[in-house]
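In what follows, a single structure is set out as structure tokens and then discussed.
Any read-out appearing in this document is the output of simple, stated calculations on the displayed coordinates, not a laboratory observation. As the structure is a computational prediction, the values presented were derived from the model and not from experiment. For neighbour counting, all protein chains shown are included, and Cβ atoms are generated from backbone atoms with ideal geometry for every residue, glycine included.
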């Protein structure tokens, strides 16, 4: 929709309804590499052990994967879920890849593992756990000049030690503070005491709405780590637990780029829970549209299948590598012709959550999103969702932006959260708590003029009903939920 600015600036209110029912070196680009990005593959600890014990598997699997994917880097894992690997085995695998001209970096999955889903962190309140982790980091830093902390570098323990250490703080406050300390001392200072030139990378998973609850400190940790990386796996949006919108594979990349500009390493995709091969390829493509320095596939073994031969042996093959290679070639053919990614600026403060996944839902509607961790007051138009309520100065920032003759779009979720918190000085609009159900809409015309056209959604939509004074506030789009009149269930409202 097009919104006309006033002298004061423009604030548009969008009713949110629901359907009713550094790091990576600049590689010399040759025929064996992609022109517009680096390609990496993560070798998890089970595959590390298998490679070290079986040189034939190491060579055969390399030949199969490299025939399809022109990767120029591997991450070699040294620890995961209570499993370690000896230095001799790590160096054996490392030397193999380097003999092929492939760069090697280290990787750690800092999780203990547990029955069930296995997601149990180290107890960072336990001195024995801290000491063990510190030794694992030092071990890896002694072998590699680059080290990434994959996914579960987090905190979800609730033992007696943790409960006592937490005191009166919320679990979120406590975990954010602890993981800041872990990053600064057990990782950065510790690793640099072993290898001063090491490049350290903090890589959270795809949980952009829930990072803070498990101690992922996107405000503090990127300041001490050399680089950050993002998990961009969105898998199958319909049938998996997280129900992630595919747009997140792109949108999260933009958010991380704004968190640490110029030091954002890239995106990370796995082939798990994808339902179709197309869905796997789309995750890679959506990630690459954000124009990262590098893209990683997890994991080496996850790419492989085997075919039983007549003599009982197994032949290694890979359909997934072929799919990934095809996606890479396609994107590499035109990424260099594109400009920099651009979209509607939206403010998601550090450690915030609200109308979960709304940014990506809007992205799926075809409106490009550009997420920022700090208020982007240099942008003319800003979308604010309920996430912005975590900023105690948000009402003042909106006021300042409007007075600079700029536009602010807020959702009804944010309006509700800011009732009595300063939004009244900007616009006297009440979130009534009542909802309407409709599939019929029109544009507002001059007062009392009949609408020229009606527009219909494919299914009924539940919309919140607002109350406000006419003329002082005027709607752009009206939802019609009675045949004999139009009512203030506004899809978009302008305050002059």
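The order of the peptides 75-87, 425-437 by mean Cβ neighbours within 10 Å, most packed first, is 75-87, 425-437. Each peptide among 201-213, 309-321 gets the average number of other Cβ atoms lying within 10 Å of its residues, and from highest to lowest they stand as 201-213, 309-321.
With contacts taken as Cα pairs under 8 Å and at least 6 residues apart, segment 38-337 reaches a relative contact order of 17 percent.
Cα gyration tensor of segment 118-247, axes a ≥ b ≥ c as square roots of the eigenvalues: rounded (a/c below 1.5), prolate (a/b > b/c) or oblate? It is oblate, given that a/c is not under 1.5 and a/b is not larger than b/c. Using the Cβ-Cβ distance between residue 129 and residue 459 with R0 set to 51 Å, the FRET efficiency from 1/(1 + (r/R0)^6) comes to roughly 0.50. Between the beta carbons of residue 172 and residue 119, assuming R0 = 22 Å, the FRET efficiency works out to 0.80 to the nearest 0.05. The relative contact order of segment 381-435 comes to 42 percent, based on Cα pairs under 8 Å that sit 6 or more residues apart. Each label point was placed 7 Å from the Cα along the Cα-to-Cβ direction; for residue 472 and residue 311 their separation is 8.7 nm. Report summary: the helix-based calculation at 222 nm, which adds -39500 (n - 2.57) for every DSSP H run with n ≥ 4 and divides by the residues of the chain, gives -8500 deg cm²/dmol. Mind running the shape call on segment 211-302? Use the C-alpha gyration tensor, a ≥ b ≥ c as the square roots of the eigenvalues: rounded below 1.5 for a/c, prolate if a/b tops b/c, oblate otherwise. Prolate, since a/c reaches 1.5 and a/b exceeds b/c. A simple spin-label model places the labels of residue 184 and residue 277 5.0 nm from each other, with each point 7 Å out along Cα-to-Cβ. How would you classify segment 323-423 from its alpha-carbon gyration tensor, with a ≥ b ≥ c the square roots of the eigenvalues: rounded for a/c under 1.5, else prolate if a/b is greater than b/c, otherwise oblate? Prolate. Report note on the peptides 154-161, 290-297, 464-471, 35-42: ranked by the mean count of other C-beta atoms within 10 Å, highest first, their order is 290-297, 35-42, 154-161, 464-471.
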